[in-house]
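Chemist: Supplied in structure tokens, the structure appears directly below.
The values are calculated or read from the model by the stated rules, or taken from the named source; none is laboratory data. From a predicted model like this one, the values you see are computed outputs, not experimental measurements. As a convention, Cβ positions derive from the backbone with ideal geometry for all residues, glycine included, and neighbour counts pool all protein chains shown. SASA here: full protein model, heavy atoms, side chains in, ligands and nucleic acids out. Shrake-Rupley method; radii C 1.70, N 1.55, O 1.52, S 1.80 Å.
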Amino acid sequence: FPVVHGSGDFAQEVRRLLLERHFDCLAVPLPASFQPEVEAAVHKLPEVHVVVQTAPDGESASYVPVEPCQAVIAALRVALQEHRSIAFVDLEVPVYEPYSEPSPDPYALKRIKAERFAAAILPFAAAPEAGSQREARLRRMAFELHRLELENETVLFLPAVQDWPWIRDAYRERAPYPEHQRSWQ
């Protein structure tokens, strides 16, 4: 179920979906090293928190905003309350390389179904650069989804709307995937 991060409309839609349908597992596009702290922060909602991990170089950091208008956070909140299985499926990397790509206005979700919204962005979604960290992350997530399907009948995955076509392609092709690059102990 592709989402626009930071959109209250998508957060509401994901919450509705999780409460109306049964999923054995919720898969979120975050590295497993974030799981304990993000889940702890979700339990503290409605207080807003930020989970930060400093890179090994000490110069940069990765962060996850934990607030109710994030679709992934709204989903985690429901999954934790409903005691559902949760998997953090993104690639562990020493330094996260952000990328930005414009996303469509999520206000449209008020008038059209999320599936049509996601399909409408297909012609405009930029493929990851070959050999980029983004490509490696998307391939790893596809691998993790294959792994989850061995243990679960139904999995709800919440990729960014800009990433879902490429994760879907990597999933279908069983594309080679990288190993994690750091420990989250």
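Chemist: Would you mind calculating the gained length between ARG147 and HIS22 on full extension (0.36 nm times residue separation, minus the Cα-Cα distance), in nm to one decimal?
Modeler: 43.1 nm
Chemist: With springs connecting C-alpha atoms under 10 Å apart, model the chain as a Gaussian network and identify which of ALA119, ALA87, ALA75 has the largest mean-square fluctuation.
Modeler: ALA119
Chemist: Could you check the simple spin-label distance between LEU45 and ARG174, using points 7 Å along Cα→Cβ, in nm with one decimal?
Modeler: Distance between label points: 3.7 nm.
Chemist: Identify which of LEU122, LEU18, LEU91 has the largest mean-square fluctuation in a Gaussian network model of the chain, with springs joining Cα atoms closer than 10 Å.
Modeler: LEU122
Chemist: Check which residues have an amide H placed less than 5 Å from VAL3's amide H, if you skip close sequence neighbours.
Modeler: Residues meeting the criterion, in which the H sits 1.01 Å from N, are ALA160, VAL161.
Chemist: I've got another one for you. SER85's amide H: which non-local residues (gap 5+, or another chain) put their own amide H closer than 5 Å, with H modeled 1.01 Å from N in plane and none for Pro or chain starts?
Modeler: LEU26
Chemist: Any idea how far the Cα center of region 141-170 sits from the one of region 1-44, in Å?
Modeler: 14 Å
Chemist: Nothing charged except the Cβ atoms of Lys and Arg (+1) and of Asp and Glu (-1): what's the magnitude of the dipole of the chain about its Cα centre? Round to the nearest 20 debye.
Modeler: My answer is approximately 540 debye.
Chemist: Based solely on C-alpha atoms, express the radius of gyration and the Dmax of the chain in angstrom.
Modeler: Rg and Dmax of the chain, Cα atoms, are 15.8, 46 Å.
Chemist: Now for a different question. State in Å² the accessible area per residue of region 65-123; use a 1.4 Å probe, count heavy atoms of protein chains only, and round to the nearest integer.
Modeler: That works out to 55 Å² per residue.
Chemist: Moving on to the next point. Just grab the label-to-label distance for ALA126 and VAL52, each label 7 Å out from Cα along the Cβ direction, in nm (one decimal).
Modeler: The answer from the label model is 2.8 nm.
Chemist: With unit charges on the beta carbon (Lys/Arg positive, Asp/Glu negative), name the residue among GLN133, ALA55, LEU148 whose Cα is farthest towards the positive pole of the charge dipole of the chain.
Modeler: Going by the charge dipole, the pick is LEU148.
Chemist: Is the shape of region 67-137 best called rounded, prolate or oblate, per the rule: a/c under 1.5 gives rounded, else a/b larger than b/c gives prolate, else oblate, with a ≥ b ≥ c the square roots of the Cα gyration tensor eigenvalues?
Modeler: Oblate, because a/c is 1.5 or more while a/b does not exceed b/c.
Chemist: For region 1-106, what size does the Cα cloud have along each of its three principal axes, sorted from largest down, in whole Å?
Modeler: Principal extents (Cα only, largest first): 44, 32, 26 Å.
Chemist: Taking the simple approach of a point 7 Å from Cα along Cα-to-Cβ for both TYR63 and ALA32, what is their distance in nm?
Modeler: 2.7 nm
Chemist: Sticking with this one: What relative contact order, as a whole-number percentage, does region 124-185 give when Cα pairs under 8 Å and 6 or more residues apart are counted?
Modeler: Relative contact order of region 124-185: 48 percent.
Chemist: Ignoring ligands, DNA and RNA, please state the percent of accessible area on the chain from carbon and sulfur, probe 1.4 Å.
Modeler: On the chain, the fraction of accessible area on carbon and sulfur atoms equals 51 percent.
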